[in-house]
1. Quick check for the stretch 201-345: number of Lys pairs with alpha-carbon distance under 18 Å, counting only pairs 8 or more apart or on different chains?
2. Mind running the shape call on the stretch 139-344? Use the C-alpha gyration tensor, a ≥ b ≥ c as the square roots of the eigenvalues: rounded below 1.5 for a/c, prolate if a/b tops b/c, oblate otherwise.
3. Which of the peptides 142-153, 124-135 is most tightly packed, and how do the rest follow, going by the mean number of other Cβ atoms within 10 Å of each residue?
4. Taking 0.36 nm per residue of sequence separation and subtracting the Cα-Cα distance, how much length would be gained by fully extending the chain between D334 and T121, in nm to one decimal?
5. Where does each of 65-75, 281-291, 161-171 land if you order them by average Cβ count within 10 Å, highest first?
Amino acid sequence: MKLTRFKERDFKKIEVVVFTIICILFISGIVLYRTFAIFEVKTNQNVIKGTVQDPGNLYFAFYQQNEENGIYEIQKEMPRQNEGYQLDKDNSFCGVNGEKDDHIIVTLDRDTWSIVVTGMTTSRTKCNLYFKKTFDNNTLYDLSGNEYNGTFVEGATVQRDEDGALGIYFDGNNAYVQVAELPATIDWENGFTVEGEFKVTSIHSNDKWQRIYDFGGGPSDNNILMAFGKNTEDCNTTCVSFSVRYDNTNRRGDFLEFITINEKINFIARYEKLENQYSLYVTRNQVFLNKVNYETSEFVKNVTRTSNFLGMSNWETEQDRKFNGYIYSLKFTDSKGNIILWYDF
């Protein structure tokens, strides 16, 4: 039998064929890889907590609710932090090959605006994430998941301020938000923290206290509130008060010159319980303001609060009790760090 010798040009032909096959396989792999999801995000970029045992990539497909018809439409990227969206937990899921994996939990960290994925053990996992508005024409949605939603009343609305920031606007005349009933199961008694961001457009020069929030059962009925006023009977200058009422007894901390017109203000107020003494700590724009101690065994009741407002007082509903400005965020947490309610944009 004769052995055929390959000539040099035959080797070149084989090299071309092999090279062509490799290129085809490589390109096909890229196409398949890229079509696995709309686009990919490496686990060390947008995911701030991943439990990936098998090294690999995590993919995202983002869907955003159309404001006009309510239909979810696929997007190239997730909405930005200041666009007023939240993660629709009921529709969002993660899995492999389109199959939902109930062990994988996906959440949105609103502080860092990052996706948090836990329980993932398989590479090439894909998360389908659905985003809906934090509000609609009638409702302000509670981001805590407790469904303590608010209802816009008399013209209160979400809109952008002159700097383009999204917030609830109150006209100072009629507008307010009616907040859902807060049950007695909420642990206020052991202390709580309230933090938020707001801007005052104008202050009424009279003896009326305007409200950022007021949660209670009516006037002098176990209210938890934040008020501000000018030339009131308790304060002869611009003054902010953080108040808690036990029945008709007031525990309050007043802070002078807190308000600056048309300035966005961040605040954190923390009520802490140490044995039978409570302390109120307040910071404004990260600057410590004051501390007030209350030596009492009865500070705040865990009662059902049925009369709850943003931008309006429980004492009266007339014009000079109404807030004129923007609320950008408001969050309450209990002494263990559990979120009670949270409004944010």
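1. Lysine pair count for the stretch 201-345: 8.
2. Note, shape of the stretch 139-344 comes out rounded.
3. With the highest mean Cβ count within 10 Å placed first, the list reads 124-135, 142-153.
4. 73.4 nm
5. In descending order of packing, they fall as 161-171, 281-291, 65-75.
Readers should treat all values here as calculations from the given coordinates under stated rules, not as data from a laboratory. Fair warning: this is a prediction, and the values are worked out from it, not measured in the lab. Every residue, glycine among them, receives a Cβ derived from its backbone with ideal geometry; neighbour counts consider all protein chains shown.
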